[in-house]
Amino acid sequence: LAGPDVRDPASMRFPRETPVRAPKDTRILLVTDVNGEPVDPEIRASVQTAAKVVASLGYQVETGKAPYDLEEVRTVYAMLSAVGAARVLANFTDWRDKVGANVVTMGETGLALTATDYVNTLDRLAGIRASVAEAWHDYDVVCTPTAATLAFPLGRSHPETIDGRPANLRSASLF
């Protein structure tokens, strides 16, 4: 990206090259929110400023919607997370006494799912991947914030509010 860095001796073994430049016809989709979920104004403004800089360099930047259904992604993620937790926890007989309430819930959910549920979830994941891949036909880059909120206090699972709206655990992780 920026070439060798004198602070990283291992990087010095690579030759300094001319930076790679994207073609001017690179199509960029700017997504600053998903399904109307809240995003801190500072976060949104920062991403919009970056997009303006990129556009000022001659690249095509269009504002649009996320190329995925957030609720479907959340549902599939929850199912796969539960199955993954159950896979690990099933190896321990007394796991319920050694993990937090959230992990107990995930583990019990995962253990209750059938093989058919799991395979259907994998099919849904394939559908998400296919729809995102289809959306990429129109764009070369999708630019989003990395998070919906600024940092929040250590020890909290999520901020109390995002953009003045009540937040929950899922609110902070929409991108």
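The values are calculated or read from the model by the stated rules, or taken from the named source; none is laboratory data. A quick note: this is a predicted structure, and the numbers were derived from the prediction, not measured. Cβ placement follows ideal geometry from the backbone for every residue including glycine, while neighbour counts extend to all protein chains displayed. Surface accessibility is based on the protein's heavy atoms, side chains included, excluding ligands, DNA and RNA. Shrake-Rupley method; radii C 1.70, N 1.55, O 1.52, S 1.80 Å.
Observations, loosely collected:
- Residues of region 36-65 that are touching a residue at least 60 places away in the same chain (Cβ under 8 Å), under 16 Å from the mean Cα position of the chain (by Cα) and open to solvent by 50 Å² or more (accessible area, probe 1.4 Å): ARG44 alone.
- A Cβ distance below 7 Å, combined with a sequence gap of six or more or placement on separate chains, defines the contacts here; from region 66-82, residues that are exposed (fewer than 15 other Cβ atoms within 10 Å of the Cβ) reach residues that are not in a helix (DSSP H, G or I) in the pairs ARG74/ARG170.
- For region 84-98, the tally of residues that are aliphatic (A, V, I, L, M) and either open to solvent by less than 40 Å² (accessible area, probe 1.4 Å) or touching a residue at least 40 places away in the same chain (Cβ under 8 Å) (or both) stands at 3.
- Condition check for TYR139: closer than 24 Å to GLY36 by Cβ and touching a Lys or Arg at 6+ places or on another chain (Cβ under 7 Å): yes
- Number of residues in region 93-122 that are out of contact with any Leu (no Cβ under 8 Å at 6 or more places or on another chain), part of a loop (DSSP other than H, G, I, E, B) and modelled with pLDDT under 95 equals 4.
- Every residue from region 99-113 that is over 12 Å from ALA82 (Cα atoms) and open to solvent by 60 Å² or more (accessible area, probe 1.4 Å): ALA101
- Flag for VAL142 being in contact (Cβ under 8 Å) with a residue 40 or more places away in the chain and assigned to a helix (DSSP H, G or I): no
- Region 154-173, residues that are open to solvent by less than 100 Å² (accessible area, probe 1.4 Å) and not in a loop (DSSP other than H, G, I, E, B): THR161, ILE162, SER171, ALA172, SER173
- The single condition among (1) within 23 Å of the chain's Cα centre (by Cα); (2) in contact (Cβ under 8 Å) with a residue 60 or more places away in the chain that ALA22 does not meet is (1).
- Residues of region 17-58 that are at pLDDT 90 or above, assigned to a loop (DSSP other than H, G, I, E, B) and among the hydroxyl-bearing types (Ser, Thr, Tyr): THR32 alone.
- Within region 114-125, the residues that satisfy the criterion of being exposed (fewer than 14 other Cβ atoms within 10 Å of the Cβ) and of a type in the set (Val, Ile, Thr) are THR114, THR116, VAL119.
- Flag for LEU150 being under 26 Å from ALA51 (Cα atoms), exposed (fewer than 15 other Cβ atoms within 10 Å of the Cβ) and touching a helix residue (DSSP H, G or I) at 6+ places or on another chain (Cβ under 9 Å): yes
- Residues of region 64-92 classified as modelled with pLDDT of 95 or more, touching a Leu at 6+ places or on another chain (Cβ under 6 Å) and either of a type in the set (Lys, Arg) or under 13 Å from ILE28 (Cα atoms) (or both), total: 0
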